[in-house]
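Inspection log for the structure reproduced underneath, given as structure tokens.
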Amino acid sequence: MKFDYKKIIDEVFSKNFWPRFLITVIGAFVLAVNYNLFLLHNDLVIGGTSGLAIIVHEYTGLEPATFLLVVNIYFIILSFIFLGPRNTGLTIVGSLLYPLFVSLTSDMCEYLATKIVLDDFILVVLVSGCLFGTANGFIYKTGFTTGGSDIIIQILNKYLKIPTGVASFIFNICVIISGGMIFGVSKALYAVIIILINSYLIDKIMLGISDSKMFYIYTKKPEEIKDFLTAMKNGYTIMRTDGGYTNKTNNIIMTVIATKDYYMFKNVIEKIDPQAFFIINDCYEVYGGHRKVKFPFI
């Protein structure tokens, strides 16, 4: 029986569509407010088509919303041709909403800029970075994007086999350097700080904050440790491994515990077997298996 993975992908993307759509709308609105209030108002070119729009506005006076809309429509057409309708469908919403909100919030942000005065420019950068990263993080978590340069990066990745991270870095650094040449080196450095904050927050929102730890334990007292795990009502898995140095077959115990129990668990293992060897990793999400009900998994 052939596995119909395309049908499953369609089911995944259609699941909770309207709540995800609402989050994307809110995220696009926050991005637009941040763009008009902090980035455009302070000539902070952070890369992507949004950064290009600031540069074009400086030289031609063309409204950024108009530039973004035209460019995004062009990129949507390219996406249909080169990436297919499924991938394009996830970019259409953000690609059209973002320039629309940039246009609608322009006057409001002009007014707010006269009322919200941050004396220290670094505060502008920190607030902008937090808004930028939070909005992007929630949009990406829903599976949608705001389009723009993301589409070009995906096309380069698909056809030229350029890694998305490399393509994104090259494109964004070129835009930032261009902005630095126009608005000054200090503005370019501030833009880099915003991008770093953005990347950090996207990772935290996408993956979450680690609320549990994964232990891989090699011990000569496996029964005692298994009894301890059972007494804690903690599930575990036994994995058979071959030692690379000794060529001996061993068993490793793998278990996941709540972060708050980390100190106790680590020291109890050392008490049971002072010679135990274990590796500890952050664990962001756990599905299925036997676990404590009080684990704060989402």
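The values are calculated or read from the model by the stated rules, or taken from the named source; none is laboratory data. Worth saying up front: this structure is predicted, and the values here are computed from it rather than measured. We place every Cβ from the backbone using ideal geometry, glycine too, and count neighbours over all the protein chains shown.
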Q) Hey, any hits in region 184-204 for a residue that's surrounded by fewer than 16 Cβ atoms within 10 Å (Cβ to Cβ), acidic (Asp, Glu) and not assigned by TED's automatic domain parsing to the domain that holds Thr259? A) yes
Q.
Go through region 67-88 and report how many residues are surrounded by 13 or more Cβ atoms within 10 Å (Cβ to Cβ) and touching a residue at least 12 places away in the same chain (Cβ under 8 Å).
A. 14
Q. Is there a residue being buried (at least 18 other Cβ atoms within 10 Å of the Cβ) and closer than 24 Å to Ile46 by Cα anywhere in region 217-233?
A. no
Q. Among Phe278, Phe265, which is part of a helix (DSSP H, G or I), at negative phi, in the same structural domain as Glu224 (by TED's automatic domain parsing) and modelled with pLDDT under 90?
A. Phe265
Q: Could you tell me whether Pro85 is modelled with pLDDT of 90 or more and of a type outside the set (Ser, Thr, Tyr)?
A: no
(Q) Checking Lys7 against (1) part of a helix (DSSP H, G or I); (2) closer than 26 Å to Ala188 by Cα: exactly one of these is not met. Which one? (A) (2)
Q. From the list Met232, Met239, which residue is out of contact with any Asp or Glu (no Cβ under 9 Å at 6 or more places or on another chain) and over 30 Å from Leu131 (Cα atoms)?
A. Met239
Q. Restricting region 7-65 to residues that are of a type in the set (Phe, Trp, Tyr) and more than 30 Å from Pro85 (Cβ to Cβ), which is surrounded by the fewest Cβ atoms within 10 Å (Cβ to Cβ)?
A. Tyr59
**Q.** Any chance Val93 is touching a helix residue (DSSP H, G or I) at 6+ places or on another chain (Cβ under 9 Å) and modelled with pLDDT of 95 or more
**A.** no
Q: Go through region 208-235 residue by residue and tally those that are among the aromatic types (Phe, Trp, Tyr) and over 30 Å from the mean Cα position of the chain (by Cα).
A: 2
Q: Might you check whether a residue that is farther than 14 Å from Asn34 by Cβ, of a type in the set (Val, Ile, Thr) and without any contact (Cβ under 8 Å) to a residue 24 or more places away in the chain occurs anywhere in region 102-114?
A: yes
Q.
Of all residues being out of contact with any strand residue (DSSP E or B) (no Cβ under 7 Å at 6 or more places or on another chain) and closer than 11 Å to Glu285 by Cα in region 182-210, which is modelled with the lowest pLDDT? Just the residue, please.
A. Ile209
